[in-house]
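Take a look at the structure below.
The values are calculated or read from the model by the stated rules, or taken from the named source; none is laboratory data. These figures come from a predicted structure and were not determined experimentally. We place every Cβ from the backbone using ideal geometry, glycine too, and count neighbours over all the protein chains shown.
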Amino acid sequence: MPDAVYVEREANIATVILNRPEKLNALDLASWAKVGEILRQLDGEDGLRCIVFRGVDARAFAAGSDIAGFAEHRSTPPQVRKYGETIDATLTAIAVCRHPTVAAIRGVCVGGGMEISSVCDIRICGASSRFGAPINRLGLTMSHAELRPLIDVVGITGALEILLEGALFGAERARELGFVTRIVADDDVDDEAYATARRIAEGAPLVNRWHKKFIRRLADPTPLAQEEIDEAFEAFDTEDYRIGCRAFLDKTTPVFEGR
């Protein structure tokens, strides 16, 4: 039987699958840690071009953290701190991963599901997908590390709406808030997510990695150092640049080598 989190591969695309269907893929402490472990491993693979996240079936991307495990792992201040550190490390691993990431959201995407998808680069959902973070009904908070990526995606006003109202909302509202990139028919989510991943994989991988790095760096108001400015021109000294230009002039499809 597959693990609660496992990886499938097709060519240069990896899929991270959340596999706790009996819990609507709600993550326990071990699952949070496993996602982080997997992402750190995938980040080091030079041949990888894109990572897709999805739930194991159409009912849920992830229904948050598994509350059933809180008594064992989240009932004392030291436990709560350790749990939070694990979530922080996992969200950071996804956010800083050099490979582009796509969240294929089917069904419920609540709490921790929203947190994981918020640190993905592109989020594609089905028309009937449901979102929210009703944790004020549980009397618990998101940590600063959990709040930061949500605010980055939906802004302060959107984050306050989601957390203060604690309501579930649909795909259209998620798009209005800027949380989802696009909405497709429920049965088309996986097809669209993998079509997106293949389009990404066809691009020059070094360029995709640089653009991720540059865009995230520009969110920091600290002035750019000269070496950071210079890095923006390093692509012009790569073999992929020569391959791309040659293919454009020859009207052929480039096959990038990642160097």
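What to note about this one:
- Residue selected from the range 203-248 under the condition part of a helix (DSSP H, G or I) and in contact (Cβ under 8 Å) with a residue 40 or more places away in the chain, by the criterion farthest from VAL102 (Cα to Cα): GLY244
- All positions within the range 233-253 that are of a type in the set (A, V, I, L, M, F, W, C) and loosely packed, with under 13 Cβ neighbours inside 10 Å: PHE233, PHE236, CYS245, PHE248, LEU249
- Positions within the range 30-54 being within 24 Å of TYR83 (Cβ to Cβ), in contact (Cβ under 8 Å) with a residue 24 or more places away in the chain, out of contact with any helix residue (DSSP H, G or I) (no Cβ under 8 Å at 6 or more places or on another chain) and not charged (D, E, K, R), in sequence order: ALA30, SER31, ILE38, LEU42
Residues are listed down the side, and each one gets a yes or a no for (1) surrounded by 14 or more Cβ atoms within 10 Å (Cβ to Cβ); (2) modelled with pLDDT of 95 or more:
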position	(1), (2)
ARG137	no, no
SER143	yes, no
LEU164	no, yes
ALA171	yes, yes
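- Qualifying residue in the range 189-196 (condition: within 17 Å of the chain's Cα centre (by Cα), part of a helix (DSSP H, G or I), β-branched (Val, Ile, Thr) and in the same structural domain as MET114 (by TED's automatic domain parsing)): yes
- Flag if ALA127 is over 21 Å from ILE17 (Cβ atoms) and at pLDDT 95 or above: yes
- Residue ID - nearest to LYS212 (Cα to Cα), chosen from residues in the range 75-98 that are crowded, with 17+ Cβ neighbours inside 10 Å and of a type in the set (D, E, K, R): ARG98
- Scanning the range 62-119 for residues that are free of Cβ contacts under 8 Å to residues at least 24 places away in the same chain and acidic (Asp, Glu) yields a total of 2.
- The range 3-14 residues that are under 14 Å from ASP46 (Cα atoms) and assigned by TED's automatic domain parsing to the domain that holds ALA33, paired with ones that are buried (at least 19 other Cβ atoms within 10 Å of the Cβ) and among the β-branched types (Val, Ile, Thr) (beta carbon under 6 Å, 6 or more apart): ALA14/ILE51
- Any hit, the range 165-172, residues being in contact (Cβ under 8 Å) with a residue 24 or more places away in the chain and part of a strand (DSSP E or B): yes
- Residue within the range 153-170 that is among the charged types (D, E, K, R) and either farther than 30 Å from PHE131 by Cβ or in the same structural domain as GLY113 (by TED's automatic domain parsing) (or both) present: yes
- Number of residues in the range 208-239 that are under 22 Å from GLU10 (Cβ atoms) and in contact with an Asp or Glu (Cβ under 8 Å, 6 or more places away or on another chain) equals 1.
- Inter-residue pairs, beta-carbon under 9 Å, first closer than 14 Å to GLY107 by Cβ and in the range 175-191, second among the basic types (Lys, Arg) and part of a loop (DSSP other than H, G, I, E, B), 6+ apart: ASP186/ARG106; VAL189/ARG106; ASP190/ARG106
- Conditions (1) touching a strand residue (DSSP E or B) at 6+ places or on another chain (Cβ under 7 Å); (2) modelled with pLDDT under 95: number failed by GLU234: (1)
- Residue-level analysis places SER75 outside the set of residues that are assigned by TED's automatic domain parsing to the domain that holds ASN25, more than 13 Å from the chain's Cα centre (by Cα) and at pLDDT 95 or above.
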